[in-house]
Amino acid sequence: MAKVELFVNGRAVKGEAEDRALLVHFLRENLGLTGTHVGCDTSQCGACVVHVDGRAVKSCTMLLAQASGSSVTTIEGLSQNGELHPLQVAFRENHALQCGFCTPGMIMSSADMIRRHPEGLDEATVRLELEGNICRCTGYHNIVKAVLDASDKLRKAPSEAA
Amino acid sequence: MYETKYHRATSVEAGARLMSEAEDGKFLAGGMTLIPTMKQRLASPSDVIDLRRIEAMKGIVISGRTVRIGAATTHYDVSIDEELAKICPAIVSLAAHIGDPQVRNMGTIGGSIANNDPAADYPSSMLALDAMIITNERSIPASDFFVGLFETALEPGEIITAVEFIAPDRAAYKKFPNPASLYAMAGVFVARSGDVIRVAVTGAGENGVFRLIDAEAALASNFSSAALDSLIVNPDGLLSDMHASADYRANLVKVMARRAIAEIANRPM
């Protein structure tokens with residue numbers, strides 16, 4: 001059994017699980033953070049994307065034990081003081097979700113994308129950077145719009161870019 | 001996934017020791033191939049030895065034109081290295097186009113070349129740049145390192161700690177990615193240093209990465225994409241699968257080689 005200690009959404013968490021346990025299963029089943037989804041389970045779809053030490057990773061493709069000692073942020077940790085993150089607001093305002101299954105992963109990937117592109121984004125870049133996230137409703141058009149919208153707003157008000 | 005034991009190595013020496021104690025161990029770097037393979041039960045190591053946290057294996061050191069990239073350096077970290085971009089933009093661009101952003105955040109150069117997937121991007125750069133693969137036991141020239149499909153010169157328990165190469169005068173990498181997986185269906189890395197031109201091909205060879213000697217000879221006398229007009233890439237020995245026939249790949253190799261040379265010609269350095 002692997003004994004792990006990590007920070008999840010700013011909270012220190014200890015746990016124990018089989019060495020083969022995946023990070024996503026620990027988040028969902030041990031911590032009840034079911035916003036992180038298991039879509040394809042084959043590293044393709046990106047519904048399980050979380051941030052590990054500030055970087056977007058597919059939590060179905062990382063052992064829990066690998067993440068021990070790391071700081072993990074899930075979709076549940078994105079809002080601050082009861083206020084939705086600007087990306088969450090933009091997804092709502094742009095109708096960027098249909099069934100909503102891919103949305104947590106889309107938002108976590110997009111947050112990482114915006115962080116990596118402080119110079120701003122264009123549509124082609126957003127589409128390229130969302131390569132690792134699949135929306136089976138095929139609602140990409142509004143997802144791209146929402147990411148561009150949030151990117152613009154965060155650039156105008158960088159203090160909110162937490 | 002079958003049961004396994006996880007070990008975290010904090011030094012190269014500890015990693016080697018943990019492997020020697022394991023019954024049927026595997027080194028784990030970014031895990032972008034190993035973990036999906038274990039999940040499919042196509043690999044079932046008794047132990048996985050995580051090398052990703054070994055600080056001595058991370059980072060890029062440039063002195064003069066000598067570049068040393070630690071084996072545990074992620075594709076993302078290679079893709080954003082400004083100093084490396086100044087002297088070898090081709091490898092920075094290559095790293096920026098591996099897989100998707102999540103793969104680039106986890107995957108490492110050492111893991112990529114140790115796995116030697118015939119469609120992986122990095123092996124072509126190592127071969128074209130005449131790189132040295134540094135392990136905990138020795139240095140292996142790239143030309144001796146890549147042995148065959150998923151096969152390298154590494155001995156059991158040997159750990160790649162870094163790769164080292166001299167930045168070429170000019171280089172470029174162009175690939176035709178599979179639209180679904182983004183793995184190269186053909187990728188060509190061209191490097192020129194003085195009169196020495198090396199052209200390496202990934203994604204297309206039945207035995208993995210290889211040098212395109214005919215193209216190197218043609219480019220030696222005339223370094224322009226026109227020099228490849230009469231080049232015929234032999235489809236014998238090229239991969240043929242549901243994605244592309246050997247004939248199609250032979251054509252892709254030529255087209256990617258021409259694009260790489262065009263990029264070199266159009267770039268200030």
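Restricted to strands (runs of 3 or more DSSP E) entirely inside segment A:42-96, those with at least 1 residues that are buried (at least 24 other Cβ atoms within 10 Å of the Cβ) and within 11 Å of chain B (Cβ to nearest Cβ) are A:49-52, A:55-58.
Looking at A:109, A:59, A:68, which is the one that is closer than 26 Å to residue B:107 by Cα, polar (S, T, N, Q) and outside the structural domain of residue A:19 (by TED's automatic domain parsing)?
Selected residue: A:109, the only one of A:109, A:59, A:68 that is closer than 26 Å to residue B:107 by Cα, polar (S, T, N, Q) and outside the structural domain of residue A:19 (by TED's automatic domain parsing).
The number of residues in segment B:21-75 that are away from chain A (no Cβ under 12 Å), under 30 Å from residue B:169 (Cα atoms) and touching a strand residue (DSSP E or B) at 6+ places or on another chain (Cβ under 9 Å) comes to 17. Here are B:92, B:103: which of them is touching a residue at least 24 places away in the same chain (Cβ under 8 Å), surrounded by fewer than 24 Cβ atoms within 10 Å (Cβ to Cβ), in a helix (DSSP H, G or I) and of a type outside the set (Gly, Ala, Ser)? Criteria check complete, one pass: B:103. Evaluating residue B:245 against the criteria (1) surrounded by 14 or more Cβ atoms within 10 Å (Cβ to Cβ); (2) touching a residue at least 24 places away in the same chain (Cβ under 8 Å); (3) out of contact with any strand residue (DSSP E or B) (no Cβ under 6 Å at 6 or more places or on another chain) leaves one unmet condition, (2). Going through segment B:200-233 one residue at a time, which ones are within 18 Å of the chain's Cα centre (by Cα) and more than 30 Å from residue A:129 (Cβ to Cβ)? Hits for segment B:200-233 are B:205, B:206, B:207, B:210, B:211, B:212. Of all residues in segment B:1-60, those that are surrounded by 15 or more Cβ atoms within 10 Å (Cβ to Cβ), within 20 Å of residue B:108 (Cα to Cα) and either without any contact (Cβ under 8 Å) to a residue 12 or more places away in the chain or among the aliphatic types (A, V, I, L, M) (or both) total 20.
Considering (1) in contact (Cβ under 8 Å) with a residue 40 or more places away in the chain; (2) in a loop (DSSP other than H, G, I, E, B), the lone condition that residue A:119 does not fulfil carries the number (1). Candidates are the residues of segment B:1-20 that are of a type in the set (A, V, I, L, M, F, W, C) and away from every other protein chain (no Cβ under 14 Å); the one that is farthest from residue A:18 (Cα to Cα) is B:12. Of everything in segment A:5-32 that is acidic (Asp, Glu) and in a strand (DSSP E or B), the residue that is nearest to residue A:69 (Cα to Cα) is A:5.
Starting from residues that are within 9 Å of chain B (Cβ to nearest Cβ) and within 18 Å of residue B:53 (Cβ to Cβ), keep the ones in segment A:1-21 and report whichever is surrounded by the fewest Cβ atoms within 10 Å (Cβ to Cβ). Selected residue: A:19. Filtering segment A:108-116 for residues that are surrounded by 20 or more Cβ atoms within 10 Å (Cβ to Cβ), under 30 Å from residue B:9 (Cα atoms), in contact (Cβ under 8 Å) with a residue 24 or more places away in the chain and of a type in the set (A, V, I, L, M) leaves a non-empty set. If you check B:177, B:123, B:118, B:156 for being buried (at least 17 other Cβ atoms within 10 Å of the Cβ) and more than 14 Å from the chain's Cα centre (by Cα), only one passes: B:177. Annotation: of all residues in segment B:76-89 being surrounded by fewer than 20 Cβ atoms within 10 Å (Cβ to Cβ) and among the β-branched types (Val, Ile, Thr), the one that is farthest from the other protein chains (Cβ to nearest Cβ) is B:87.
Once segment A:117-135 is narrowed to residues that are among the charged types (D, E, K, R) and within 24 Å of residue B:106 (Cβ to Cβ), the residue that is surrounded by the most Cβ atoms within 10 Å (Cβ to Cβ) is A:129. Across segment A:1-40, the number of residues qualifying as among the hydroxyl-bearing types (Ser, Thr, Tyr) and within 21 Å of residue B:1 (Cα to Cα) comes to 1.
If you go through segment A:74-87 and keep only what is under 11 Å from the mean Cα position of the chain (by Cα) and among the polar types (S, T, N, Q), you end up with just A:74. Residue-level analysis places residue B:115 outside the set of residues that are within 14 Å of chain A (Cβ to nearest Cβ) and touching a Phe, Trp or Tyr at 6+ places or on another chain (Cβ under 7 Å).
Check whether at least one residue in segment B:215-227 is part of a strand (DSSP E or B), modelled with pLDDT of 95 or more and within 30 Å of residue B:139 (Cα to Cα), and report yes or no. No, the conditions are met nowhere in segment B:215-227.
Please find, among B:190, B:147, B:163, B:201, the residue that is surrounded by fewer than 18 Cβ atoms within 10 Å (Cβ to Cβ), modelled with pLDDT of 95 or more and part of a strand (DSSP E or B).
Checking each option against the conditions leaves just B:147.
Please determine whether any residue of segment B:209-216 is of a type outside the set (Lys, Arg), crowded, with 24+ Cβ neighbours inside 10 Å and closer than 30 Å to residue B:12 by Cα. The answer is yes; a qualifying residue exists.
The values are calculated or read from the model by the stated rules, or taken from the named source; none is laboratory data. Source: prediction; values computed, not measured. Here the Cβ is made from the backbone with ideal geometry for all residues, glycine too, and neighbour counts use every protein chain on show.
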